[in-house]
1. Whether any residue in the range 23-40 is surrounded by 10 or more Cβ atoms within 10 Å (Cβ to Cβ), closer than 30 Å to residue 154 by Cα, within 19 Å of the chain's Cα centre (by Cα) and at pLDDT 85 or above is what I want to check.
2. Report every pair of residues separated by at least 6 positions or lying on different chains whose Cβ atoms are under 6 Å apart, first residue within the range 69-81 and more than 14 Å from residue 109 (Cα to Cα), second among the small types (Gly, Ala, Ser).
3. Taking only pairs six or more apart or across chains, which ones have beta-carbon atoms under 9 Å, a first residue in the range 37-55 that is over 13 Å from residue 138 (Cα atoms), and a second residue that is exposed (fewer than 11 other Cβ atoms within 10 Å of the Cβ) and of a type in the set (Asp, Glu)?
4. Given the conditions (1) at pLDDT 90 or above; (2) loosely packed, with under 14 Cβ neighbours inside 10 Å, and given that residue 19 satisfies all but one, which numbered condition is not satisfied?
5. Run residue 152 past the list (1) among the hydroxyl-bearing types (Ser, Thr, Tyr); (2) within 20 Å of residue 85 (Cα to Cα); (3) modelled with pLDDT of 90 or more and report the number of the one that doesn't hold.
6. Count, please, the residues in the range 82-113 that happen to be free of Cβ contacts under 8 Å to residues at least 60 places away in the same chain and not in a loop (DSSP other than H, G, I, E, B).
Amino acid sequence: MATQRHRIQHGAGLTLVELTVAVCVLGIAFIGQAQYRYYATLDARDALMRNGAARVALLFCETWRAAGGTDAFSPVNHFGSCLAVTACSAAVRESWQPPEGFTLSGAYEVTLDGNTYQAGLSRKQMTGTLRALNVTVRWVPRYPNEPGPNGTGKSYQLTTYAASMEGWN
């Protein structure tokens with residue numbers, strides 16, 4: 001009876017324990033929501049980088065094939081001012097590991113939409129008139145602890161084939 005009279009006199013409200021539990025639940029929800037936004041941003045950034053790498057790989061692969069798949073193909077000379085392409089330094093070129101059985105034809109640095117990629121062109125003689133053309137594009141991660149080959153980040157790889165009626169020199 002005394003407890004009821006005490007509540008009536010002081011009014012209905014929240015106890016300190018109820019208030020503490022409510023603050024903890026809201027804090028956990030806020031931290032979870034912030035973490036979700038953080039990882040959603042990272043995933044969006046990763047998707048943009050992958051999309052750019054795929055565009056560069058497809059552009060190089062198809063252009064090299066259209067140029068006949070020759071050893072003389074150079075994206076620096078071919079794209080001119082349309083795309084920011086430069087030849088990689090000797091040290092970067094040395095770091096390229098082409099797929100097994102392929103010979104490295106060149107290594108290039110490409111800037112697309114403000115992102116920098118490295119593209120490696122390699123070739124493999126299949127038969128006297130058929131050649132496999134491989135383009136591997138790699139990029140440096142924009143956030144820490146992203147795994148990838150040779151400490152450079154992630155990579156995207158395309159292979160196409162070119163035929164020559166006269167054979168390759």
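The values are calculated or read from the model by the stated rules, or taken from the named source; none is laboratory data. Treat the numbers as computed from the prediction; the structure is a model and nothing was measured. Cβ sites come from the backbone with ideal geometry, for glycine too, and all protein chains shown count toward neighbours.
1. There is no residue in the range 23-40 that is surrounded by 10 or more Cβ atoms within 10 Å (Cβ to Cβ), closer than 30 Å to residue 154 by Cα, within 19 Å of the chain's Cα centre (by Cα) and at pLDDT 85 or above.
2. 69/162; 73/67
3. Pairs that qualify, where the first residue is over 13 Å from residue 138 (Cα atoms) and the partner is exposed (fewer than 11 other Cβ atoms within 10 Å of the Cβ) and of a type in the set (Asp, Glu), are 48/113.
4. The single condition residue 19 does not satisfy is (1).
5. Going through the list (1) among the hydroxyl-bearing types (Ser, Thr, Tyr); (2) within 20 Å of residue 85 (Cα to Cα); (3) modelled with pLDDT of 90 or more, residue 152 breaks only (3).
6. So the count comes out to 19.
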